[in-house]
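J.: After the structure tokens below, expect a handful of questions from me.
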Amino acid sequence: MVANVPRADGSVDRRRRRSRRIDHGLLPDLVGYNLRRAQIAVFQNFRAATADFDITPGQLGVLILIDSNDGLSQSELGDALGIDRSTMVAVIDRLERRDLVVRAPSPADRRSYALKLSDTGSALLRDILPAVLAHERAVAEALSDQERTDLIKLLAKLSNGEGA
């Protein structure tokens, strides 16, 4: 931390102030705390790696699921991501405004829409993939292949409600 220390002549001396060592108490032993810290680090790395594309990790996940599941409805997409209906509508609205996603009438159910990527959305997904894969390598750099596999399994176990 830098401190501005005034001098007698009116100028300012910029000195480095020692940071106090913080006792984190029981936080380092809490799963949720460590998950959140990891999430922050991963999201910051993602934003840096994909800055040219102006997309969030959540939006990327939506695009990947739509691309992988032809004719997916908004309800199915929300269920797959654990996102409520109103939030899902807002996400799709944003992606549609950016011409990344197209809502088409569902051939199976006239009350819902089938989602698909626009040509722009398909191009973005194709173009962003190398940056996303580089991001993944950077995030898991300190892990062995087995540790990475184990971490994904443990996180899936928690996210499926098995740890809650």
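Read-outs: derived from the displayed coordinates by stated rules, not from any lab. Remember, it's a predicted structure, so these values are computed and weren't measured experimentally. No Cβ is skipped: glycine too gets one built from the backbone with ideal geometry, and neighbour counts run over all protein chains shown.
J.: Cut-off is 10 Å between beta-carbons; in what order do Arg20, Arg103 appear when sorted fewest neighbours first?
T.: Least crowded to most crowded, the residues run Arg20, Arg103.
J.: Order of 35-48, 88-101 by packing, highest average Cβ count within 10 Å first?
T.: Order by mean packing, descending: 88-101, 35-48.
J.: Tell me the mean residue ellipticity at 222 nm calculated for the chain from its helices only (DSSP H runs of n ≥ 4, each -39500 (n - 2.57), averaged over every residue, nearest 500).
T.: -17500 deg cm²/dmol
J.: Turning to a different aspect of this structure: Could you work out how far helix 57-68 tilts from the main Cα principal axis of the chain, as a 0 to 90 degree angle to the nearest 10?
T.: 20
J.: State the extension gain, in nm to one decimal, for the chain segment bounded by Ser112 and Arg137, taking 0.36 nm per residue of separation less the distance between their alpha-carbons.
T.: Residue separation times 0.36 nm, minus the Cα-Cα distance, leaves 5.2 nm.
J.: Same structure, new question: Take Leu129 and Gln39, extend 7 Å from each Cα along the Cα→Cβ direction, and tell me the distance between the two endpoints in nm.
T.: Between Leu129 and Gln39, the label points sit 2.9 nm apart.
J.: Cα-based Rg of the stretch 20-125 per 2.2 N^0.38 Å, rounded to two decimals?
T.: In units of the globular-protein estimate, the stretch 20-125 measures up at 1.37.
J.: Starting with the fewest neighbours, write out Ser106, Ser159 ranked by other beta-carbon atoms found within 10 Å of each beta-carbon.
T.: So the ranking, lowest neighbour count to highest, is Ser159, Ser106.
J.: Using the alpha-carbon atoms, what tilt in degrees (0 to 90, nearest 10) does helix 31-49 show relative to the longest principal axis of the chain?
T.: The angle comes out at about 80 degrees.
J.: How big is the dipole moment of the chain about its Cα centre under a simple scheme where the beta carbon of each Lys and Arg is +1, that of each Asp and Glu is -1, and everything else is neutral? Debye, nearest 20, please.
T.: 960
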